[in-house]
C-alpha cells in the first residue's frame, strides 16, 4: 500500500496542451507561431542594436525602450521551446524541474516588464509635467540603477513561487491547459494544501502588476491634466503624441494579463479556448507589436532602421 501511495505522489511529469481538438492542424498552426517568433526576435534585436550603436539615442526614453526589448526577447526565448515543440513535434511532456524553471522566467520577466513600463510612464510624466528638471532627474548614471532595481524586484518576488511548488506532492493527471507552465495551473495540480501559496500568488500580482498599473494610470491622469492646461492645441497634440507608443505597450501587456488572472481565479466556468487565446496574446503579441509600434512612431528610431537596411543592401 505504501509503495502504491509513493508512486501515486511522485507524478513529476506534466503534459502541455496546444489547441485542444485541433491536433491534426498543429503543423499548419505552427507556421504563424514561427513567423511571430522570428519577427519578435529580429525586431527587438534590431532595436537593441540600433540603440547601442547610435550615441544620439543614448537618452532615457530609448534606454528604457532597450530594457523593454530585452525583457520581451527573454519572454520569447523562454516560451519558444515548448510552444513550437508541441505544434511542430507534438512534444508534450515536460519534467517538474523544467516546468518550474520556465514558470520562474515567465513570471519574473513579466514582473520586470511591468516595472519597465512603469519607468517609461515616469519618463513621460517628467518630460511633460516637469521638463525643466528632466535632465537632472533622469541622468544616464541613474537609469541602469533603476533597471537593476526592476530586475531584483522581479526575482525577489517571484523566486518563492517555484520553491513552493517544488516541495508539493503531485497526484493528479497533470495535464496543463497551456503550451507552457504557469504558476496558477501547476499549483492546482498539487495534492497538498495550496491556500497559503494561492494567497501569495495573488499578493505578487497585486504588488507587481496591480500596483504598477495603478501608478501608470495616475501618471497619465497627471499628464492629461498638464496637457489640457496647454493653451496651444498643436502643442497639446504634440505632447500626447509622445505617449502613444507607451500607451499601446501598456494596453497590450496589462489587458490580457489581467483578464487571464481573473479567469484563473474566478472564472471556473469560462471557455477554455478563451484562456488559451489570452495566454498566447499576453506572451506573444507584445514582443511582436511593440517593436513595430515604436519604430513607426519614433522618427529618430525609424530613420536609423531605414539607414541600417539601406546600408546592408547589395
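Each value in this text was obtained by applying a stated rule to the coordinates, not by laboratory testing. Source: prediction; values computed, not measured. Heads up, the Cβs are rebuilt from the backbone with ideal geometry, glycines too, and the neighbour counts pull from every protein chain shown.
Quick look at the numbers
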quantity: Relative contact order %, the chain, counting alpha carbon pairs below 8 Å whose residues are six or more apart; calculated: 26 percent
quantity: Gain on full stretching of the segment that runs from residue 202 to residue 101 - 0.36 nm per residue minus C-alpha separation; calculated: 34.4 nm
quantity: Stretchable slack from residue 233 to residue 132, in nm (0.36 nm times residue separation minus alpha-carbon distance); calculated: 34.2 nm
quantity: Highest-MSF residue in the chain out of 219, 56, 245 [GNM, Cα springs under 10 Å]; calculated: 56
quantity: Cβ-based exposure ranking for 153, 238, in which fewest neighbours within 10 Å come first; calculated: 238, 153
quantity: Debye-sum result for region 1-156 in log10 I(q)/I(0), which assumes one identical scatterer on each alpha carbon, at q = 0.10, 0.12, 0.19, 0.21 Å⁻¹; calculated: -0.53, -0.69, -1.17, -1.29
quantity: Per residue Cα convex hull volume in Å³ - calculated over region 30-90; calculated: 60 Å³
quantity: Helix axis angle, 96-129 relative to the chain longest principal axis, alpha carbon, degrees; calculated: 20 degrees
quantity: Per-residue Cβ neighbour rank within 10 angstrom, fewest leading, 185, 113; calculated: 185, 113
quantity: For region 93-235, Kirkwood radius (reciprocal of mean inverse C-alpha pair distance, Å); calculated: 17.6 Å
quantity: Volume in Å³ per residue [convex hull over Cα atoms, computed for region 65-123]; calculated: 65 Å³
quantity: Among 195, 76, 295: highest mean-square fluctuation, GNM of the chain, C-alpha pairs under 10 Å; calculated: 195
quantity: Enclosed volume per residue, in Å³, of the convex hull spanned by Cα atoms of the chain; calculated: 161 Å³
quantity: Tensor-based shape of region 189-293 (alpha-carbon gyration tensor, a/c under 1.5 rounded, otherwise prolate or oblate); calculated: prolate
quantity: Pairwise Cα inverse-distance average, inverted: Kirkwood Rh of region 16-55 (Å); calculated: 12.3 Å
